[in-house]
Amino acid sequence: MLTTIFELLKALGTYSSIFALIIISVFTLWKYVLKSVFEDWSKNRLEIKKIEITNSLDTQKNLILKQTEFEILKLNRILPALEKLNSNFYNHWLMFNTYVSYIVNKAGLPDDFEKNRLELDRQMVDCITQLSIYLPSEFRILINKIRLLASNSWKPPHIVYYHLLELNN
């Protein structure tokens, strides 16, 4: 076979034989040396990319899990405090309705009424303190304004009744 290649090269001429030798040597070099090196390099590169993508996905997964755990923790802390704050607002509303009925009936306040109102105000302050870092600033401002309304001391109802009676005339 080698002799037939040399005869073919003699027949083609000097420049053609050099060109054919270059093509054959490049082909041989590619087939037996460079092709395996290129395939190994591309496999390694693909594995590196796969590892990078896997690491990136693991990082994103861990980040999402941590954010979800934080949200669950916030909900476990916030919801009971919000429920307690809501019950305090409702209790204050009931207390204020009782106070208004005392005004209408010109009655005096019971002895423990102011003490109960102060205890309710203390509970509201505790709830707002627990919630303050978790709530947006607008909601915090609103809750503080509602608490200020709820924490005002009340005058004796019969004095308020007569004062309102004077204003009406």
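The values are calculated or read from the model by the stated rules, or taken from the named source; none is laboratory data. Source: prediction; values computed, not measured. Please note: Cβ atoms are built from the backbone with ideal geometry, for glycine as well, and neighbour counts cover all protein chains shown. The protein model used for the area step is the full one, side chains on, heavy atoms only, and it has no ligands, DNA or RNA in it. Shrake-Rupley method; radii C 1.70, N 1.55, O 1.52, S 1.80 Å.
Of note:
- Computed magnitude of the charge dipole of the chain (debye, nearest 20; Cβ of K, R +1, Cβ of D, E -1): 440
- Segment 76-88 - phi-based ³J(HN,Hα) in whole Hz, Karplus 6.51/-1.76/1.60, Gly and Pro as x: 5, 8, 7, 4, x, 5, 5, 5, 5, 4, 4, 5, 5
- Charge dipole (the chain, unit charges on Cβ, about Cα centre) - positive-most of I78, I18, N97: I18
- Rounded to 10°, Cα long-axis angle of helix 157-168 versus longest principal axis of the chain: 90
- Selection of trypsin sites (Lys or Arg not before Pro), segment 64-169, meeting DSSP coil and at most 16 other Cβ within 10 Å: K106
- For the chain, the longest principal axis of the alpha carbon atoms and the long axis of helix 2-12 meet at an angle near 80°.
- Normalised alpha carbon radius of gyration of the chain [divisor 2.2 N^0.38 Å]: 2.82
- Cross-link reach is defined here as a Cα-Cα straight distance under 18 Å, omitting same-chain residues fewer than 8 places apart; for K74 the aspartates and glutamates meeting it are E83, D126.
- Based on protein heavy atoms only, the chain ends up with 80 Å² per residue of surface accessible to a 1.4 Å probe.
- Within the accessible area of segment 20-169 (1.4 Å probe), percent carbon and sulfur: 63
- Against the chain, whose longest principal axis comes from its Cα atoms, helix 137-150 is set at around 10 degrees.
- Comparing N105, N144, N91 in a Gaussian network model of the chain, where Cα atoms under 10 Å apart are tied by springs, the biggest mean-square fluctuation is seen for N105.
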